[in-house]
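Let me begin by presenting the structure, written as structure tokens, before commenting on it.
The values are calculated or read from the model by the stated rules, or taken from the named source; none is laboratory data. Quick caveat, the model's predicted, so the values are computed rather than measured. As a convention, Cβ positions derive from the backbone with ideal geometry for all residues, glycine included, and neighbour counts pool all protein chains shown. Heads up: the accessible areas ignore ligands, DNA and RNA and are worked out on the full protein's heavy atoms, side chains in. Shrake-Rupley method; radii C 1.70, N 1.55, O 1.52, S 1.80 Å.
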Amino acid sequence: MQPGVIPSPKTGRELVDEYFIENRTRLLEIAAFLDRLDRTDASLVDRDFRVRAFRDALRLLDARPAAGEAQTRVERIQHLLSDPTTEPLEKLDTKSARGAYDRWQLGVA
Amino acid sequence: MMRYVDLHAHMVSRTTDDYLQMALTGCVAVTEPAFWAGWDRSSADGFEDYFRHLTDFEPKRAAQYGIRHFAWLCLNPKEGEDRQLAREVLSRIPRYLQSPTVLGIGEIGLNRVTRNEIATFRDHVELALEHDQLIHIHTPHLEDKYKGTRTIVDILTEYDRIEPSRVMIDHAEEHTLPIILENGFWTGLTLYPQTKVSPERAIDMFERYGTDRICVASACDWGPSLPDAVPHFALAMRRRGHAAALIDSIIYGNPIAFLGQSPKFDVGAEPRSGEAATTVSPRDHTAATSSAGVAAA
Ligand SMILES: [Zn+2]
């Protein structure tokens with residue numbers, strides 16, 4: 001990843017000191033959400049595109065961008081969740097977006 | 001004391017407590033784009049009442065807290081599918097453009113990226129060009145943002161009469177910000193607690209891309225949102241170790257640089273308490289009371 005235009009005033013160590021605890025909490029929130037889904041319906045990942053997208057996004061979280069890879073983790077997850085098509089819809093189908101693009105044609109459970 | 005301009009705030013949905021909180025945290029001006037009410041308006045008359053609310057009542061309410069209030073007018077993208085209604089509403093907009101607090105056309109754009117939404121978007125762009133107005137653009141949310149932003153940028157670049165520096169393409173995120181900036185437009189990061197950009201991610205984008213042509217705003221409205229999202233952002237910047245001058249350039253300097261392209265925009269001197277409701281009236285009060293029907297009582 002390219003260095004920023006405005007350097008971070010804090011060192012890496014200082015960022016960890018300041019932000020580790022709150023991000024640890026976020027990590028546990030995600031783990032608990034997945035456990036909750038397992039407890040209620042572990043098959044959702046095969047039947048609901050939002051859960052599938054979530055699982056695929058988790059894999060991107062762990063993958064360190066390769067050397068020369070321009071996209072950051074956030075950008076790769078944003079693209080995974082985005083509609084990649086370019087053609088407009090013929091008609092309005094629903095008023096609000098759902099948060100992920102159903103590239104697997106799974107629908108919702 | 002901190003000072004800021006909130007360039008995107010739907011104040012018609014907010015209480016006076018919110019104005020108070022904004023004033024206490026250093027807000028000197030807000031600009032309010034016309035948007036969806038969360039339900040569909042039933043007629044062009046309904047929109048016209050909304051335009052009167054935005055150009056007449058809301059500036060007076062804001063003035064009671066020493067805050068300047070400006071507006072952008074349009075039929076928003078969430079209602080852009082109805083072409084007949086769009087045509088009727090568009091025909092009523094020009095006379096409100098005379099209002100001394102209207103800065104331009106907005107927030108226009110796309111929602112689900114349909115053919116009708118695109119036609120309504122183009123109509124608004126042409127109206128703005130015809131009347132030499134600034135443009136404020138809403139990009140779709142969530143999975144539609146990337147497609148919608150690309151479509152909007154492609155359409156705008158077709159018009160050679162558009163000066164990109166007079167257009168703000170708002171609600172950018174990590175995957176759309178570069179497309180907008182590379183084409184010379186201004187952009188905005190809207191700081192929503194749940195569905196949009198957090199202060200931390202906004203700061204990451206400033207660190208990566210610099211501060212040119214990027215604003216932050218609360219986009220507070222009738223949903224879960226914070227009227228003081230901009231001061232929260234400023235606080236988060238300080239926590240990350242950034243200097244006060246840099247923060248000021250983002251939350252005060254940048255919006256003024258963009259909005260100041262309209263001769264009507266002015267952060268002005270804050271009115272003294274007690275005269276607020278009357279000092280709202282802009283420099284040219286007679287123009288305000290003429291055709292637009294925006295006269296204060
Ligand atoms: Zn808005």
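The figures follow:
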| item | result |
| --- | --- |
| Cα gyration tensor shape of region A:46-109, rounded if a/c is under 1.5, else prolate or oblate by comparing a/b with b/c | oblate |
| B:Tyr96 - accessible surface, heavy atoms, 1.4 Å probe, Å² rounded to 10 | 0 |
| Most to least accessible of B:Glu107, B:Glu207 (protein chains only, probe 1.4 Å) | B:Glu207, B:Glu107 |
| Relative counts (whole %) of C-alpha pair distances in region B:1-151, using bins that are 5 Å wide | 2, 10, 19, 21, 19, 14, 9, 5, 1, 0 |
| For B:139-150, mean number of other protein chain Cβ atoms within 10 Å | 5 |
| 13 Å cut-off, amide nitrogen to a point 7 angstrom out along A:Ala67 Cα→Cβ, residues in region A:1-36 | A:1 |
| Relative contact order for chain B, counting Cα pairs under 8 Å that sit 6 or more residues apart, in percent | 23 |
| Computed accessible area, B:Phe265, all protein chains, 1.4 angstrom probe, square angstrom | 20 |
| Neighbour net charge for B:Asn116 - beta-carbon separation under 13 angstrom, K R +1, D E -1 | 0 |
| Solvent exposure of region B:4-259 as accessible area per residue, Å², 1.4 Å probe | 32 |
| Anchor B:Lys60: lysines whose Cα lies under 22 Å away (excluding residues fewer than 8 positions away in-chain) | B:Lys264 |
| Accessible surface ranking that places the most exposed of B:Trp186, A:Trp104, B:Trp222, B:Trp39 first, with a 1.4 angstrom probe | B:Trp39, B:Trp222, A:Trp104, B:Trp186 |
| Which of B:Met11, B:Met2 is most accessible, then next, and so on - probe 1.4 Å | B:Met2, B:Met11 |
| Selected from B:Ser99, B:Ser198, B:Ser13 as most flexible by GNM, with chain B as the system and alpha-carbon contacts under 10 Å | B:Ser13 |
| Full-stretch length increase - A:Asp38, A:Lys10 - with 0.36 nm per residue and alpha-carbon distance subtracted | 6.2 nm |
| Protection proxy ranking of B:239-249, B:163-173 - average other beta-carbon atoms within 10 Å, highest first | B:163-173, B:239-249 |
| Eligible lysines near A:Lys95 by straight Cα distance, threshold 18 Å, same-chain separation 8 or greater | B:Lys78, B:Lys145, B:Lys147, B:Lys196 |
| Inter-part distance where region A:57-84 and region B:92-128 are each reduced to a Cα centre, Å | 35 |
| Residue mean of other protein chain beta carbons inside 10 Å, B:209-216 | 1 |
| Shielding by other protein chains, B:68-81, mean Cβ within 10 Å | 1 |
| Local electrostatic count, A:Leu92, Cβ distance below 11 Å [Lys/Arg +1, Asp/Glu -1] | -1 |
| In the A-B interface, the accessible area buried, summed over both sides, Å² (probe 1.4 Å) | 3200 |
| Sorted peptide list for B:22-29, B:108-115, criterion being average Cβ within 10 angstrom, highest first | B:108-115, B:22-29 |
| Relative contact order (%) - region B:1-126, alpha-carbon pairs under 8 angstrom, separation at least six | 25 |
| Cα gyration tensor shape for region B:4-259, rounded if a/c is under 1.5, else prolate or oblate | oblate |
| Share of carbon and sulfur in the accessible heavy-atom surface of chain A [1.4 Å probe, %] | 55 |
| Summed residue charge, Cβ within 10 Å of B:Met11's Cβ, Lys/Arg positive, Asp/Glu negative | -3 |
| Rounded accessible area per residue of chain A, 1.4 Å, Å² | 70 |
| Tensor-based shape of chain A (alpha-carbon gyration tensor, a/c under 1.5 rounded, otherwise prolate or oblate) | oblate |
